[in-house]
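The values are calculated or read from the model by the stated rules, or taken from the named source; none is laboratory data. Predicted model, so just to flag it, every value in this text is computed and none were measured. Here the Cβ positions follow ideal geometry from the backbone for every residue, glycine too, while neighbour counts run over all protein chains shown. Quick note on the areas: whole protein, heavy atoms, side chains included, nothing else; ligands and nucleic acids left out. Shrake-Rupley method; radii C 1.70, N 1.55, O 1.52, S 1.80 Å.
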Amino acid sequence: MIKGVIFDLDGVLCSTDEYHYLAWKSLADELDIPFDREANNRLRGVSREKSLEIILERSTKTYGEKEKKEFADRKNRRYRELLEGLTPRDVAEGVLGVLFCLKKAGIRLAVGSSSKNTPLILERLDLAQHFDAVADGNDITHSKPDPEVFLKAAERLELRPSECLVVEDAESGAAAGKAGGFRTATVGEAARLGLGDFPLRRLSDLVSIV
Ligand code: BG6
Ligand code: MG
(Lines give C-alpha, C1' and ligand atoms only; values in the text may rest on other atoms or scores of the structure.)
(Ligands and ions follow the chains in the order given, each with its own letter.)
Protein backbone atom coordinates (compact mmCIF):
# COMPACT_ATOMS: atom_id res chain seq x y z
CA MET A 1 0.00 0.00 0.00
CA ILE A 2 1.29 3.45 -0.92
CA LYS A 3 1.47 5.86 2.03
CA GLY A 4 3.73 8.51 0.51
CA VAL A 5 4.50 10.03 -2.88
CA ILE A 6 7.91 11.58 -3.62
CA PHE A 7 7.92 14.00 -6.54
CA ASP A 8 10.92 14.96 -8.61
CA LEU A 9 10.94 18.74 -9.21
CA ASP A 10 12.44 19.81 -12.60
CA GLY A 11 10.25 18.33 -15.35
CA VAL A 12 7.55 17.00 -13.01
CA LEU A 13 6.25 19.80 -10.77
CA CYS A 14 7.44 22.55 -13.16
CA SER A 15 9.15 22.96 -16.53
CA THR A 16 12.47 24.27 -15.19
CA ASP A 17 14.09 21.44 -17.18
CA GLU A 18 13.74 23.80 -20.18
CA TYR A 19 15.62 26.54 -18.26
CA HIS A 20 18.40 24.04 -17.44
CA TYR A 21 18.63 23.32 -21.16
CA LEU A 22 18.77 27.01 -22.15
CA ALA A 23 21.46 27.81 -19.56
CA TRP A 24 23.64 24.83 -20.56
CA LYS A 25 23.08 25.61 -24.26
CA SER A 26 24.37 29.14 -23.82
CA LEU A 27 27.51 27.86 -22.05
CA ALA A 28 28.07 25.11 -24.65
CA ASP A 29 27.76 27.66 -27.48
CA GLU A 30 30.37 29.89 -25.81
CA LEU A 31 32.72 26.92 -25.48
CA ASP A 32 31.97 25.80 -29.06
CA ILE A 33 30.70 22.40 -27.91
CA PRO A 34 27.84 20.68 -29.81
CA PHE A 35 24.76 20.46 -27.57
CA ASP A 36 21.09 19.95 -28.38
CA ARG A 37 17.85 18.87 -26.71
CA GLU A 38 18.63 15.19 -27.24
CA ALA A 39 22.00 15.56 -25.51
CA ASN A 40 20.19 17.49 -22.78
CA ASN A 41 18.07 14.42 -21.95
CA ARG A 42 21.19 12.78 -20.52
CA LEU A 43 21.43 15.61 -17.96
CA ARG A 44 17.97 15.13 -16.48
CA GLY A 45 18.20 14.34 -12.78
CA VAL A 46 22.00 14.49 -12.84
CA SER A 47 23.94 16.94 -10.61
CA ARG A 48 25.35 20.23 -11.95
CA GLU A 49 28.94 18.96 -11.80
CA LYS A 50 28.17 15.63 -13.50
CA SER A 51 26.10 17.45 -16.15
CA LEU A 52 29.12 19.61 -16.98
CA GLU A 53 31.32 16.50 -17.28
CA ILE A 54 28.82 15.02 -19.77
CA ILE A 55 28.79 18.25 -21.84
CA LEU A 56 32.61 18.43 -21.84
CA GLU A 57 32.82 14.87 -23.25
CA ARG A 58 32.23 16.50 -26.66
CA SER A 59 34.82 19.25 -26.20
CA THR A 60 38.08 19.14 -28.12
CA LYS A 61 39.81 20.92 -25.20
CA THR A 62 40.66 19.72 -21.70
CA TYR A 63 39.84 21.98 -18.77
CA GLY A 64 41.19 22.15 -15.23
CA GLU A 65 39.14 22.10 -12.02
CA LYS A 66 39.20 25.89 -11.64
CA GLU A 67 37.81 26.43 -15.14
CA LYS A 68 35.17 23.76 -14.60
CA LYS A 69 34.05 25.45 -11.39
CA GLU A 70 33.74 28.76 -13.30
CA PHE A 71 31.69 27.05 -16.06
CA ALA A 72 29.31 25.47 -13.54
CA ASP A 73 28.93 28.80 -11.72
CA ARG A 74 28.31 30.63 -15.00
CA LYS A 75 25.61 28.12 -15.97
CA ASN A 76 23.99 28.44 -12.55
CA ARG A 77 23.94 32.25 -12.75
CA ARG A 78 22.16 32.06 -16.12
CA TYR A 79 19.77 29.43 -14.76
CA ARG A 80 18.93 31.57 -11.72
CA GLU A 81 18.34 34.59 -13.99
CA LEU A 82 15.75 32.50 -15.83
CA LEU A 83 14.21 31.45 -12.49
CA GLU A 84 13.63 35.15 -11.71
CA GLY A 85 10.64 35.02 -14.06
CA LEU A 86 9.07 32.00 -12.33
CA THR A 87 5.67 32.55 -10.66
CA PRO A 88 2.99 30.26 -9.15
CA ARG A 89 1.42 30.19 -12.62
CA ASP A 90 4.39 28.06 -13.76
CA VAL A 91 3.39 25.05 -11.65
CA ALA A 92 2.91 22.25 -14.21
CA GLU A 93 -0.57 21.36 -15.40
CA GLY A 94 -2.48 19.05 -13.08
CA VAL A 95 -0.03 19.33 -10.17
CA LEU A 96 -2.22 21.23 -7.69
CA GLY A 97 -5.21 18.95 -8.36
CA VAL A 98 -3.08 15.84 -7.82
CA LEU A 99 -1.51 17.18 -4.61
CA PHE A 100 -4.96 18.08 -3.29
CA CYS A 101 -6.43 14.61 -4.06
CA LEU A 102 -3.47 12.74 -2.55
CA LYS A 103 -3.48 14.88 0.59
CA LYS A 104 -7.22 14.31 0.98
CA ALA A 105 -6.58 10.55 0.76
CA GLY A 106 -4.08 10.84 3.65
CA ILE A 107 -0.98 10.32 1.49
CA ARG A 108 2.21 12.00 2.73
CA LEU A 109 3.94 14.16 0.13
CA ALA A 110 7.60 14.93 -0.49
CA VAL A 111 9.94 16.48 -3.05
CA GLY A 112 13.09 14.53 -4.01
CA SER A 113 15.29 16.60 -6.35
CA SER A 114 19.00 16.67 -7.24
CA SER A 115 18.79 20.46 -7.52
CA LYS A 116 20.47 22.78 -5.05
CA ASN A 117 18.04 25.46 -6.28
CA THR A 118 15.02 23.52 -4.96
CA PRO A 119 14.27 25.90 -2.02
CA LEU A 120 14.25 28.92 -4.37
CA ILE A 121 12.02 27.19 -6.95
CA LEU A 122 9.51 25.95 -4.35
CA GLU A 123 9.35 29.46 -2.93
CA ARG A 124 8.80 31.12 -6.30
CA LEU A 125 6.11 28.58 -7.21
CA ASP A 126 4.53 28.90 -3.75
CA LEU A 127 4.56 25.08 -3.52
CA ALA A 128 6.48 24.40 -0.30
CA GLN A 129 3.32 24.53 1.83
CA HIS A 130 1.94 21.40 0.08
CA PHE A 131 4.79 19.07 1.11
CA ASP A 132 5.48 17.23 4.35
CA ALA A 133 9.18 16.86 3.48
CA VAL A 134 11.80 18.05 1.02
CA ALA A 135 15.13 16.38 0.18
CA ASP A 136 17.31 18.07 -2.43
CA GLY A 137 20.79 18.54 -3.86
CA ASN A 138 21.91 20.31 -0.68
CA ASP A 139 21.27 17.13 1.36
CA ILE A 140 23.13 14.54 -0.68
CA THR A 141 26.56 13.48 -1.86
CA HIS A 142 25.40 11.24 -4.75
CA SER A 143 22.86 12.44 -7.31
CA LYS A 144 20.47 10.23 -9.31
CA PRO A 145 20.75 7.43 -10.49
CA ASP A 146 21.92 6.92 -6.90
CA PRO A 147 18.79 6.62 -4.71
CA GLU A 148 20.20 8.80 -1.89
CA VAL A 149 17.81 11.75 -2.36
CA PHE A 150 14.71 9.50 -2.43
CA LEU A 151 15.90 7.52 0.60
CA LYS A 152 16.38 10.82 2.46
CA ALA A 153 12.88 11.99 1.43
CA ALA A 154 11.32 8.68 2.59
CA GLU A 155 13.21 8.93 5.88
CA ARG A 156 11.85 12.46 6.39
CA LEU A 157 8.33 11.17 5.68
CA GLU A 158 9.05 8.40 8.24
CA LEU A 159 8.13 5.78 5.63
CA ARG A 160 9.91 2.80 4.11
CA PRO A 161 10.77 2.86 0.36
CA SER A 162 8.27 0.03 -0.22
CA GLU A 163 5.53 2.34 1.13
CA CYS A 164 6.39 5.19 -1.27
CA LEU A 165 5.86 5.94 -4.94
CA VAL A 166 8.44 8.07 -6.75
CA VAL A 167 7.34 10.30 -9.67
CA GLU A 168 10.03 11.05 -12.25
CA ASP A 169 10.64 12.43 -15.74
CA ALA A 170 14.30 11.35 -16.00
CA GLU A 171 15.95 8.07 -16.94
CA SER A 172 18.40 8.59 -14.06
CA GLY A 173 15.47 9.23 -11.70
CA ALA A 174 13.58 6.09 -12.72
CA ALA A 175 16.79 4.12 -12.14
CA ALA A 176 17.24 5.80 -8.74
CA GLY A 177 13.70 4.85 -7.73
CA LYS A 178 14.31 1.22 -8.67
CA ALA A 179 17.72 1.11 -6.96
CA GLY A 180 16.15 2.43 -3.74
CA GLY A 181 13.37 -0.17 -3.68
CA PHE A 182 10.61 2.31 -4.60
CA ARG A 183 7.79 1.85 -7.07
CA THR A 184 8.11 4.53 -9.74
CA ALA A 185 5.63 6.38 -11.94
CA THR A 186 7.05 8.27 -14.91
CA VAL A 187 5.99 11.26 -16.99
CA GLY A 188 7.61 13.11 -19.92
CA GLU A 189 10.82 11.68 -21.37
CA ALA A 190 11.01 8.67 -18.99
CA ALA A 191 7.36 7.75 -19.73
CA ARG A 192 8.00 8.01 -23.47
CA LEU A 193 10.83 5.50 -22.98
CA GLY A 194 8.44 3.20 -21.06
CA LEU A 195 10.58 3.40 -17.89
CA GLY A 196 9.38 2.83 -14.34
CA ASP A 197 6.50 0.68 -13.06
CA PHE A 198 3.80 3.09 -14.22
CA PRO A 199 4.52 5.21 -17.31
CA LEU A 200 1.78 7.90 -17.26
CA ARG A 201 0.22 9.86 -20.11
CA ARG A 202 -0.41 12.77 -17.80
CA LEU A 203 0.34 13.53 -14.17
CA SER A 204 -3.34 13.46 -13.18
CA ASP A 205 -3.37 9.70 -13.99
CA LEU A 206 -1.35 9.30 -10.79
CA VAL A 207 -4.49 9.51 -8.69
CA SER A 208 -5.82 6.25 -10.17
CA ILE A 209 -2.70 4.22 -9.26
CA VAL A 210 -2.22 5.42 -5.65
C1 BG6 B 1 17.92 18.20 -11.44
C2 BG6 B 1 17.85 18.49 -12.93
O3 BG6 B 1 16.66 18.37 -10.88
O4 BG6 B 1 18.83 19.09 -10.80
C5 BG6 B 1 19.24 18.47 -13.53
O6 BG6 B 1 17.03 17.52 -13.56
C7 BG6 B 1 20.14 19.42 -12.77
O8 BG6 B 1 19.14 18.83 -14.89
C9 BG6 B 1 20.16 19.05 -11.30
O10 BG6 B 1 21.48 19.37 -13.28
C11 BG6 B 1 21.04 19.98 -10.46
O12 BG6 B 1 20.45 21.25 -10.45
P13 BG6 B 1 21.09 22.55 -9.82
O14 BG6 B 1 19.91 23.50 -9.75
O15 BG6 B 1 21.62 22.19 -8.46
O16 BG6 B 1 22.16 23.02 -10.74
MG1 MG C 1 13.36 15.85 -13.46
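Test D10 against the criterion of being within 15 Å of R80 (Cβ to Cβ) and open to solvent by 10 Å² or more (accessible area, probe 1.4 Å), and give yes or no. Spell out how you get there, then give the answer.
Working: within 15 Å of R80 (Cβ to Cβ): yes; open to solvent by 10 Å² or more (accessible area, probe 1.4 Å): yes.
So D10 passes the test.
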Identify, by number, the condition in (1) modelled with pLDDT of 95 or more; (2) surrounded by fewer than 20 Cβ atoms within 10 Å (Cβ to Cβ) that V5 doesn't meet. (2)
What's the number of the only condition in (1) under 23 Å from T141 (Cα atoms); (2) out of contact with any His (no Cβ under 9 Å at 6 or more places or on another chain); (3) aromatic (F, W, Y); (4) within 10 Å of ligand 1 (Cβ to nearest atom) that Y19 fails to meet? (1)
Can you go through A23, A39 and tell me which one is open to solvent by 10 Å² or more (accessible area, probe 1.4 Å) and not aromatic (F, W, Y)? A39
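Look at G45 and say whether it is without any contact (Cβ under 8 Å) to a residue 60 or more places away in the chain, in the same structural domain as Y21 (by TED's automatic domain parsing) and open to solvent by 10 Å² or more (accessible area, probe 1.4 Å).
Details: without any contact (Cβ under 8 Å) to a residue 60 or more places away in the chain: no; in the same structural domain as Y21 (by TED's automatic domain parsing): yes; open to solvent by 10 Å² or more (accessible area, probe 1.4 Å): yes.
Spelling it out, it is not the case that G45 is without any contact (Cβ under 8 Å) to a residue 60 or more places away in the chain, in the same structural domain as Y21 (by TED's automatic domain parsing) and open to solvent by 10 Å² or more (accessible area, probe 1.4 Å).
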All conditions in (1) within 13 Å of ligand 2 (Cβ to nearest atom); (2) within 12 Å of V12 (Cβ to Cβ) are true of F150 except (2)
Restricting to region 1-10, name every residue that is within 14 Å of ligand 1 (Cβ to nearest atom) and assigned to a loop (DSSP other than H, G, I, E, B). D8, L9
Give me a count of the residues in region 48-80 that are in contact (Cβ under 8 Å) with a residue 40 or more places away in the chain, more than 16 Å from ligand 2 (Cβ to nearest atom) and open to solvent by 60 Å² or more (accessible area, probe 1.4 Å). 2
Selection count where residues are open to solvent by 10 Å² or more (accessible area, probe 1.4 Å), away from ligand 1 (no atom under 13 Å from the Cβ) and either touching a helix residue (DSSP H, G or I) at 6+ places or on another chain (Cβ under 9 Å) or not in a helix (DSSP H, G or I) (or both), scope region 147-176: 8
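Rundown of residues vs (1) modelled with pLDDT under 95; (2) under 17 Å from the mean Cα position of the chain (by Cα); (3) not in a helix (DSSP H, G or I), yes/no style:
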residue	(1), (2), (3)
V12	no, yes, yes
D32	no, no, yes
F35	no, no, yes
L52	no, yes, no
S59	no, no, yes
T62	no, no, yes
R77	no, no, no
R80	no, yes, no
L86	no, yes, yes
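Yes or no, residue by residue, for (1) away from ligand 2 (no atom under 16 Å from the Cβ); (2) of a type in the set (S, T, N, Q); (3) open to solvent by less than 50 Å² (accessible area, probe 1.4 Å):
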{"site": "G97", "(1), (2), (3)": "yes, no, yes"}
{"site": "G106", "(1), (2), (3)": "yes, no, no"}
{"site": "V111", "(1), (2), (3)": "no, no, yes"}
{"site": "P119", "(1), (2), (3)": "yes, no, no"}
{"site": "E123", "(1), (2), (3)": "yes, no, no"}
{"site": "Q129", "(1), (2), (3)": "yes, yes, no"}
{"site": "A135", "(1), (2), (3)": "no, no, yes"}
Among L99, L27, which is in the same structural domain as E158 (by TED's automatic domain parsing), more than 9 Å from ligand 1 (Cβ to nearest atom), in a helix (DSSP H, G or I) and aliphatic (A, V, I, L, M)? L99
